[in-house]
Amino acid sequence: MSRPTEKRTVDMQIIGDWVEPNTRVLDLGCGSGALLDYLVQSKKVSAVGVDLEFSRITASVRRGLSAYQGDMTTFMQAFPEKHFDRVICSRTVQELDDPTGVILEALRVGRALTVGFVNHGFWKNRVNALMLGRKIRNAVYTTEWFESRPSNPLTIADFEHFCAAKGIRISRRAHLAGNWHTPCRTLPNLLAGYALYDLAR
């Protein structure tokens, strides 16, 4: 199993543990549908995804998933409050033009919101930026700045400050070490490579 595939598997397993069977799930930035397909197979959820990129939506549909191309905020506005049991925003939040608007709308249409992101404050990222003075290049940040998608990297401290400022309750959290496998229980903003949060209002 390749390292990116292994990381994706651990991510999916944690999210899967938080998802109740036979519930309604919306995946924001669903990509090719790997996570939704996993949840459909393992938890028998009623799943729908939304993504901007047509090729990714096509890949999701080929998996037999319900997926829509378009703006995620506009898509969510079509649903009443608490329509979904869970909304998932995994590896997407750092690319959002309006993260506050998307997260608050997700908490309106969902009873719970799961957010997962790479911790930009991970110590190796800090050392790399300090020593080289350039955009980080590693197994997570694989592209040059001029090849990157619009991005607004965040840290665990950034995200927890955001939740406190917006009155968002953190129901549970999972911090993983730089290998994205071992739980990180000490100084997560410095030592964790990946973070997952379960949120509610």
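The values are calculated or read from the model by the stated rules, or taken from the named source; none is laboratory data. Quick caveat: nothing in here was measured; it's all calculated off a predicted structure. Here the Cβ is made from the backbone with ideal geometry for all residues, glycine too, and neighbour counts use every protein chain on show.
I'd like the full set of residues that are among the hydrophobic types (A, V, I, L, M, F, W, C) and part of a loop (DSSP other than H, G, I, E, B), limited to region 142-201. Write out each step before concluding.
Keep residues of region 142-201 that are among the hydrophobic types (A, V, I, L, M, F, W, C), which gives 145-146, 154, 156-157, 159, 162-165, 168, 170, 174, 176-177, 180, 184, 187, 190-192, 195-196, 199-200.
Result: L154, I168, W180, C184, L187.
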Next item on the list: Please tell me if N138 is farther than 20 Å from M72 by Cα, at pLDDT below 95 and assigned to a loop (DSSP other than H, G, I, E, B).
Entry: yes
Notebook entry, point to check: Applying the selection to region 8-33, what residues are within 16 Å of the chain's Cα centre (by Cα), among the acidic types (D, E) and either surrounded by fewer than 18 Cβ atoms within 10 Å (Cβ to Cβ) or not in a strand (DSSP E or B) (or both)?
Noted result: D11, D17
Next item on the list: Within region 117-126, identify whether any single residue is loosely packed, with under 13 Cβ neighbours inside 10 Å and under 20 Å from L52 (Cα atoms), and answer yes or no.
Entry: no
Check: Looking only at region 44-93, which residues are part of a loop (DSSP other than H, G, I, E, B), touching a Lys or Arg at 6+ places or on another chain (Cβ under 9 Å) and over 26 Å from R201 (Cα atoms)?
Finding: none
Next item on the list: Any chance you could count how many residues in region 76-101 are surrounded by fewer than 18 Cβ atoms within 10 Å (Cβ to Cβ) and at pLDDT 95 or above?
Entry: 10
Next item on the list: Could you tell me whether A157 is surrounded by fewer than 17 Cβ atoms within 10 Å (Cβ to Cβ), at pLDDT 95 or above and under 22 Å from I14 (Cα atoms)?
Entry: yes
Next item on the list: Return the residue satisfying two criteria in turn: it lies in region 104-116 and is part of a helix (DSSP H, G or I) and touching a strand residue (DSSP E or B) at 6+ places or on another chain (Cβ under 8 Å), and of such residues it is surrounded by the most Cβ atoms within 10 Å (Cβ to Cβ).
Entry: A106
Note to self: Going residue by residue through region 34-55, is there one that turns out to be exposed (fewer than 13 other Cβ atoms within 10 Å of the Cβ) and closer than 18 Å to G101 by Cβ?
What the structure shows: yes
